[in-house]
Amino acid sequence: MKYRYLYQTKDNENKEGWINAKSRENAYAELRKAGIRPYRVIGDDPLNWKPYAAGAAIVLLATALAAVLLVAREDRRPHPRVQLVGDRAVIDAGVYSGWTNVLSSALDRHLARYAQPGRYVEPAELSEADRAAFAAELDAPVAYIGGEPPEHRMLKNILAKMREDMRAYIADGGDVAGYFDFLDERQSQEREFREKALDTVYRAPESLRERAWLGVNARLKDMGIEPLSKPTGIQELPEGQEQ
């Protein structure tokens, strides 16, 4: 996993960087060994799910999600990636075409694959020419068009923030290929997270399934991941007990 860390120099200057580690705890330990004492490490720990009983799994999921949200709230940078909303025909046309009907930049078209958290993305090997082209485009602004559909503008706003993150990653010693490896890993974990949430809801006792569904959906929405559809055949919560 790759984690972002925040620390202060001896001159009390705020700095940040990136580190590969097995977990946030491991990241803290490795940084301290290197003489860096971070005051915050930002990132999602791998989800080591185990086949606990349904009730325990619900608690485990809620706890893990809450921890992720706490980290997100502490991050100084905004988390712009969300599910695109609006006219589904406009969004679907963009996704189907790889956003070639909207984006002229090859970098933006590649970043757009990761714009929506948890969506399936087929990892792609980048050639040297791809990496060079993306690096050359990175400092250019995202191109907006007057009167464009709000769905297109929403996507471009996400891409502008992703470009900021990519520039920060490279400024801290990373490279183009490493950044997209990070995006592939994060996208895969988000997808797995949603699948485990769905599994948890369906393994819950029928009397608790509605509550479990409402609870995990609230957290999935906060993380920008597509919420779960309402399970069929579940017992409705009594009025006033909805989350």
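Rule-based calculations on the coordinates, nothing more; no lab input. None of these values were measured; they are calculated from a predicted model. When we count neighbours, we look across all protein chains shown, and the Cβ atoms used for this are built from the backbone with ideal geometry, even at glycine.
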Can you list, largest first and rounded to whole Å, the semi-axes you get for the stretch 95-243 by taking the square root of 5 times each eigenvalue of its Cα gyration tensor? 37, 18, 13
At 0.36 nm per residue, and after removing the present C-alpha to C-alpha distance, how many nm does the segment from T232 to E206 gain when stretched out fully? 8.3 nm
One finds, for K15 and A140 with R0 = 35 angstrom and r their Cβ-Cβ distance, a FRET efficiency to the nearest 0.05 of 0.85
By how many nm would the segment from A34 to D222 lengthen if fully extended, with 0.36 nm per residue of separation less the alpha-carbon distance? 64.2 nm
Nitroxide proxy distance, nm - points 7 Å out along Cα→Cβ at V85 and R109: 3.0
Report the FRET efficiency, 1/(1 + (r/R0)^6), for N157 and E122, where r is their Cβ-Cβ distance and R0 is 35 Å, rounded to 0.05. 0.90
Value of Rg/Rh across the stretch 1-43 [Cα atoms, Kirkwood radius]: 0.95
From the backbone phi of the stretch 211-222, what are the Karplus-calculated ³J(HN,Hα) couplings (6.51 cos²θ - 1.76 cosθ + 1.60, θ = phi - 60°) in whole Hz, Gly and Pro given as x? 5, 4, 4, 5, x, 5, 5, 4, 7, 4, 4, 5
Under a cut-off of 29 Å between alpha-carbon atoms, report the lysines in cross-link reach of K10, not counting same-chain residues fewer than 8 places apart. K2, K22, K33
Using only Cα atoms, locate the centre of the stretch 129-183 and the centre of the stretch 83-98, then give the distance between them in Å, rounded to an integer. 19
